[in-house]
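Please treat every number below as a calculation from the coordinates, not as lab data. Model, not experiment: these values are computed from the prediction.
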Amino acid sequence: MKGKAYGVGVGPGDPELMTLKAVRLIKENDVIAVPGKVPQETVAYRIAAGAVPEIAGKELVPIYMPMVKDRELIEAEHRKGAEIMESYLDQGRNVVFLTLGDSTVYCTFSYLQHILEADGYETELVNGIPSFCAAAARIGVSLTEWDEMLHIIPAVHKTEGLGDLQGNCVLMKSASHMAEVKDMLRKSGRSVCAVENCSMIDEKVYRTLEEIPDDAGYFTLIIAK
């Protein structure tokens, strides 16, 4: 019998926001895969360790997931990562892959999932609290009311038509172009707030557009209503 690969969302940062199912799967399985070269140094591992200290005694498997635009390099590394996981699955051992936030929203595991399933392995996604839901709760605002639409926008190059969208917007992964993003938001006339490193120790809350620094960190999420 082959093992099963789980893509487990560990939430946005606070270990208390991890689900009971995520905690249980980490406790019940001995092989924990983490996106990064050194598992103990990754954000996902540190979150999980806060809720499941015994993870330190598990077999930790680093899966390198490069943040580059070279498609061939990315696909090659994803294949390597999947093959590493398959080596454990072939032994009949389950593999729990930790991922930030939710396992269905811009999740690193999804790339491995496609390869694993094509190779005949069973996978399962385990939801976690998405960063934009945690950020909205931290600020104390609703993402949608009544019949409002919600748009999840992943990067600056997707925001050109921001002013034409109806409803509310969540902007993710735009920190490297923050000045440009802020200019677009300013022109859109939307009400803006943001959270940097939501629910982590170094969390910062920005309640207006002008409060958001141009050098805001990678984990800065903007809500534009």
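Computed with the Debye formula from one identical point scatterer per Cα of the stretch 106-176, without solvent, the log10 of I(q)/I(0) at q = 0.25 Å⁻¹ comes to -1.15. Distance distribution P(r), the stretch 131-224, all Cα-Cα pairs, bin width 10 angstrom from 0: 17, 56, 25, 2 percent.
Here the sum of -39500 (n - 2.57) over DSSP H runs of 4 or more residues, divided by the residues of the chain, equals -9000 deg cm²/dmol at 222 nm, to the nearest 500.
When both the stretch 94-129 and the stretch 62-76 are represented by their alpha-carbon centers, they are found 16 Å apart. Working from Cα pairs under 8 Å separated by at least six residues, relative contact order for the stretch 1-58 is 36 percent. Take the Kirkwood radius over Cα pairs of the chain, plug it into Stokes-Einstein at 25 °C and 0.890 mPa s, and you get 133 µm²/s for translational diffusion.
Mean sequence separation of contacting Cα pairs (under 8 Å, at least six apart), scaled by the length of the stretch 131-224, corresponds to a relative contact order of 32 percent.
Under 1.5 on a/c is rounded, so check that first for the stretch 1-56, then, if it is not, pick prolate when a/b is larger than b/c and oblate when it is not; a ≥ b ≥ c are the square roots of the alpha carbon gyration tensor eigenvalues. Can you show the working numbers first?
Details: a/c = 1.71, a/b = 1.24, b/c = 1.38.
Here the stretch 1-56 falls in the oblate category.
For the residue pairs K21/K173; K182/K225; K21/K80; K69/K187; K37/K58; K69/K173, the alpha carbons lie more than 18 Å apart in K21/K173; K21/K80; K69/K187.
Normalising the average separation of contacting C-alpha pairs (under 8 angstrom, six or more residues apart) by the number of residues puts the relative contact order of the chain at 22 percent.
Across the stretch 4-126 the C-alpha pair distances fall into 10 Å bins from zero in the proportions 14, 50, 31, 4 percent.
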